[in-house]
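Below is one structure, written out as structure tokens; comments come after it.
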Amino acid sequence: MYEVYALKYAERDTTKCQFFYREASHDPLTLHYFVWLILGGPHPVLVDTGFLEDDARARHIRNYVSPAAMVERAGIKRGDVPMALITHLHYDHWAGHSLFPEAQYWIQGEEVAFWTGPFGSTPAFRGSANVDALARLVSLNYANRIRVVEGDREVLPGIRVHRVGGHTAGLQIVSVKTARGTVVLTSDASHFYHNVETRQPVQIITSLPEMLTAFETIHELAGAEKLIVAGHDPQVADRFKRVDDGIVKIA
Ligand SMILES: [Zn+2]
């Protein structure tokens, strides 16, 4: 049976009105940045790769620890990760890929198409891009290290990716069967519990209907156990079990 861990590697302060869709409140809001680790299968599975120190500096992000250091704190060497499921290509999920030199990266085809197409460079979207990291999609693809996925797919028995879109063109979420029930790693389909629980979107959107549909998909996949892991919410540490500095065991 699988075990699932959330590994926090950074934090950033913003305000609710900067983040939630049509939100009036100026109250402060703190984001936590995570990668997720699935153990107990034939090999470790990483979900997302975080970013490097350059993005932490440029974006005034605090308490940065290399995501690879967090993976090693959880007991897995960075070179022992052969599979990384990439939920989407925003800098905070993709720019750290080089930290994991043996990984093959599973990404939705629509996500690759979006960031190599006409809209990624527009003011509406480019703030979420790390251009050098996106450029490496091509060289990695020719090195057979990009696995392009279309739609829903079982990647190992009991681990599935589900294309939901909404926040980005090819955003995928991950479900994992565990002894406690199905864990749903929402990534940025629900940055905070507030999103999925009140159905309030965030401001970075490619399709509002897809984002709203994704909230329902998350609830359906999670079922009665509600093992939902929001993508950037400090509450993850309160709702599940903190086992070490920055490490939360989900199941
Ligand atoms: Zn994110």
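The values are calculated or read from the model by the stated rules, or taken from the named source; none is laboratory data. In this text, all values refer to a predicted model and were calculated from it rather than measured experimentally. As a convention, Cβ positions derive from the backbone with ideal geometry for all residues, glycine included, and neighbour counts pool all protein chains shown. Each accessible area value is taken on the protein alone, full model and side chains, heavy atoms only, with ligands, DNA and RNA left out. Shrake-Rupley method; radii C 1.70, N 1.55, O 1.52, S 1.80 Å.
Extension gain, ALA237 to GLN104: 0.36 nm times the residue separation minus the Cα-Cα distance gives 45.0 nm. Suppose only helical runs count, i.e. DSSP H with n ≥ 4. What mean residue ellipticity at 222 nm does that imply for the chain under -39500 (n - 2.57) per run, divided by all residues and rounded to the nearest 500 deg cm²/dmol? Counting only the DSSP helices, I get -6500 deg cm²/dmol.
Residue by residue, segment 25-33 carries 3J(HN,Hα) couplings of 5, 9, 4, x, 9, 10, 9, 9, 10 Hz when phi is fed to the Karplus relation 6.51 cos²θ - 1.76 cosθ + 1.60 (θ = phi - 60°); x denotes Gly or Pro.
Of all lysines in the structure, those lying under 25 Å Cα to Cα from LYS77, and not within fewer than 8 positions of it along the same chain, are LYS8, LYS177, LYS241, LYS249. Considering only GLY117, GLY165, GLY50, the mean-square fluctuation computed in a Gaussian network model of the chain, springs between alpha carbons under 10 angstrom, is largest for GLY117. Note on exposure: ASP54, ASP132 ranked by accessible area (1.4 Å probe, complete protein assembly) read ASP132, ASP54, with the most exposed listed first. Globularity index of segment 119-251 is 1.13 (Cα radius of gyration / 2.2 N^0.38 Å, N = number of residues).
In this structure the chain gives 42 Å² per residue of accessible area when probed at 1.4 Å with all protein chains present.
Highest GNM mean-square fluctuation among VAL81, VAL164, VAL183, for the chain modelled with Cα contacts below 10 Å: VAL81.
Heavy-atom accessible surface of GLU154, to the nearest 10 Å², is about 100 Å², with a 1.4 Å probe and all protein chains retained.
For the residues LYS241, LYS8, LYS177, a 1.4 Å probe over the protein chains yields an accessible-area ranking, largest first, of LYS241, LYS177, LYS8.
Using R0 = 41 Å, the C-beta based FRET efficiency linking HIS43 and THR122 works out to 0.60. Heavy-atom accessible area for ASP152, with the other protein chains in place and a 1.4 Å probe, reaches approximately 90 Å².
FRET efficiency for the pair LEU208 and CYS17, taken as 1/(1 + (r/R0)^6) with r the Cβ-Cβ distance and R0 = 22 Å, rounds to 0.75. Across ARG147, ARG163, ARG242, the residue with the most accessible area heads the list, and the full order at a 1.4 Å probe is ARG242, ARG147, ARG163. For the chain, averaging the sequence separation of C-alpha pairs within contact (under 8 Å, six or more residues apart) and dividing by the residue count gives a relative contact order of 20 percent. Under a model in which nothing but the beta-carbon of Lys, Arg (+1) and Asp, Glu (-1) is charged, the chain shows a dipole of about 220 debye around its Cα centre.
Top mean-square fluctuation among VAL35, VAL131, VAL47, Gaussian network model of the chain, C-alpha springs under 10 Å? Sorting by GNM fluctuation, first place goes to VAL131. Note on LYS77 and ASP132: the extension gain reaches 17.3 nm, defined as 0.36 nm multiplied by sequence separation minus the Cα-Cα distance.
Overall, the accessible surface of segment 137-229 at a probe of 1.4 angstrom is composed of carbon and sulfur to the extent of 52 percent. Summed over all non-identical Cα pairs, the Kirkwood treatment of the chain gives a radius of 17.9 Å.
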